[in-house]
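So the structure is just underneath, and the comments pick up after that.
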Amino acid sequence: MRTLIVCLSTLGLWAQTAPVVIQNATLYTVTKGTMRGSIVLKDGKIAEIGERVLTPPGATVINAEGLHVTPGIIDSHSHIAVEGFGVNETSVSVSSMVQIRDVLDPTDVAIYRALGGGVTIANVLHGSANAIGGNNQLIKLRWGRPAHELVMEGATPSIKFALGENPKRAGNPSGGQGGAPPRYPATRMGIEDVYRQAFGETRAYKRAWDDYRAGKSTVAPKRNLTLEPLVEVLEGKRLVHCHAYRADEMLMMMRVAEEFGFKITSFEHVQEGYKVAKEMAKHGVAGAGFSDWWSYKMEVIDGIPYNMALMTKKGVLSAINSDSGELMRRLNTEAAKTMRYGGLTEDQALALITINPAKHLKVDHLVGSLETGKSADVVIWNKPPLSVYAVAQKVFIDGNLYFDREKDIRERAEKAARKKALEEKLKREAQQAAPGRRITE
């Protein structure tokens, strides 16, 4: 039995509920237009979708008359669910040996709050303190499950790169920041050099292993855990998500990548993407950024709210992300801003937070739209999803209900009373431990 439980857990099928049928809703398929109909969630997948569907035996039926259903929102740039300050390994310029997966914190309440905003998947990235950062982790927001069950099955591995002020340790000319010791690089020139040095070493390391496996050498090279993820980058097995603001830096990064024979998967933040959208489209790099953030520091002074629409119209695979545990609860309205700033259609705007991030994370065959066979990551809204009045009512991941607004509201008074009782108990215990001492709030 224990083996069976472990296997089910690994497959993301823990506590699989009965089939669910959502009837009479407005369905935003994203890839095949909007329709009125029903959808069947069974065995973790979307089993059927259409104007009429068959109700499986024992199914839970939800009458969604007047409600709206979308695929789960995908936040392609997040730092939630990371233990403590573990998002950055700041001590070196190349930290590709470390993994965000090792510091996932399933108790981070930001997971639950994001579910309340209709988010079902987050790409949890290493920070941007390093030119070449650590390995990222794509997670499903399975609130209440242990850390290893957050990991999304079938996700392509990825790594974080960074350009600009952050990796050059802005604020201290010697390269230190916040009391940290000086560390190379301290300039944008140095950042480019870090990439050339690292990939020069990686190319030589890969060649040594290729020769050994081909029998050209009898001595196996010494393993280098820093370079092995970069070998995967050269082989196209690991995606590169690169923190970038300025157009000149993005051009530099694309040139370096093409010189060493790999592609940048996405530029993150990408405030000046509209300036180099044509070059981005040619390289095949996605643009994943904010709706309308700009001028919060000098290197983003040229950010504009038309950025996403302009990149989209130039053929760049564009997505809106949060980079914030607070903002990710409102990614639906962030996407809607592109209809005002740039004139994107409703389908194009919704794609920015569903199928487009799924494509640039290389999981669009699994998630990102309402299609038969895809994961049953589904959100029920009270209003059209791009409306400022839209509130997520129920959120399913793999067909399991992880957020129920009605239940949340119903249980608030009980939880508040339980919290108060626990606080009173702690005060009494503290008073008993230190008699005569006044215990204040």
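The values are calculated or read from the model by the stated rules, or taken from the named source; none is laboratory data. Just so it is clear, the model here is predicted, and its values are computed rather than measured. Ideal geometry is used to build each Cβ from the backbone, glycine not excepted, and the neighbour counts take in all protein chains shown. With ligands, DNA and RNA removed, areas are computed over all heavy atoms of the protein, side chains included. Shrake-Rupley method; radii C 1.70, N 1.55, O 1.52, S 1.80 Å.
Looking at V61, is it in the same structural domain as R330 (by TED's automatic domain parsing), open to solvent by 10 Å² or more (accessible area, probe 1.4 Å), farther than 16 Å from K374 by Cβ and at pLDDT 95 or above?
In short, no.
Would you mind finding the one in D404, D408, D398 that is out of contact with any Pro (no Cβ under 8 Å at 6 or more places or on another chain), at positive phi and among the acidic types (D, E)? Write out each step before concluding.
Numbers: D404 fails: at positive phi; D408 fails: at positive phi.
Selected residue: D398, the only one of D404, D408, D398 that is out of contact with any Pro (no Cβ under 8 Å at 6 or more places or on another chain), at positive phi and among the acidic types (D, E).
Report, by residue number, each residue of the stretch 235-263 that is under 17 Å from L361 (Cα atoms) and aliphatic (A, V, I, L, M). It would help to see each step written out before you state the result.
If we filter the stretch 235-263 for residues that are under 17 Å from L361 (Cα atoms), which is where we start, we get 235-243, 262-263.
Of everything in the stretch 235-263, those that are under 17 Å from L361 (Cα atoms) and aliphatic (A, V, I, L, M) turn out to be L239, V240.
Within the stretch 182-205, restricting attention to residues that are small (G, A, S) and in a helix (DSSP H, G or I), which residue is surrounded by the most Cβ atoms within 10 Å (Cβ to Cβ)?
A198
Look at E299 and say whether it is under 19 Å from the mean Cα position of the chain (by Cα) and among the acidic types (D, E).
Taking the combined requirement at face value, the residue does not satisfy it.
Could you count how many residues in the stretch 206-227 are open to solvent by less than 50 Å² (accessible area, probe 1.4 Å), out of contact with any strand residue (DSSP E or B) (no Cβ under 7 Å at 6 or more places or on another chain) and closer than 20 Å to K160 by Cα?
Of the residues in that region, 1 qualify.
Scan (1) out of contact with any Asp or Glu (no Cβ under 7 Å at 6 or more places or on another chain); (2) touching a residue at least 12 places away in the same chain (Cβ under 8 Å) for the single condition L227 breaks and write down its number.
(1)
Can you name every one of the helices (runs of 4 or more DSSP H) wholly within the stretch 247-327 that holds 1 or more residues which are within 30 Å of G116 (Cα to Cα) and touching a residue at least 60 places away in the same chain (Cβ under 8 Å)?
Working: elements: 247-260, 277-283, 307-313.
It comes to none.
Any residue at all in the stretch 264-276 that is in contact with a helix residue (DSSP H, G or I) (Cβ under 8 Å, 6 or more places away or on another chain), surrounded by fewer than 23 Cβ atoms within 10 Å (Cβ to Cβ), over 14 Å from L163 (Cα atoms) and modelled with pLDDT of 95 or more?
yes
In this structure, does T345 turn out to be hydroxyl-bearing (S, T, Y), in contact with a Phe, Trp or Tyr (Cβ under 9 Å, 6 or more places away or on another chain) and at negative phi?
No: the conditions fail for T345.
Is there a residue in the stretch 188-207 that is more than 29 Å from the chain's Cα centre (by Cα), of a type outside the set (V, I, T) and under 23 Å from D302 (Cα atoms)?
yes
Yes/no matrix, rows are residues, columns are (1) surrounded by fewer than 24 Cβ atoms within 10 Å (Cβ to Cβ); (2) among the acidic types (D, E); (3) under 21 Å from the mean Cα position of the chain (by Cα):
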{"position": "H283", "(1), (2), (3)": "yes, no, no"}
{"position": "Y306", "(1), (2), (3)": "yes, no, no"}
{"position": "T312", "(1), (2), (3)": "yes, no, yes"}
{"position": "E326", "(1), (2), (3)": "yes, yes, yes"}
{"position": "L331", "(1), (2), (3)": "no, no, yes"}
{"position": "L352", "(1), (2), (3)": "no, no, yes"}
{"position": "P357", "(1), (2), (3)": "no, no, yes"}
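Does any residue of the stretch 397-414 turn out to be of a type in the set (A, V, I, L, M) and assigned to a helix (DSSP H, G or I)?
Yes.
Could you tell me how many of the residues in the stretch 328-343 are under 19 Å from D364 (Cα atoms) and either in a strand (DSSP E or B) or touching a helix residue (DSSP H, G or I) at 6+ places or on another chain (Cβ under 6 Å) (or both)?
So the answer is 1.
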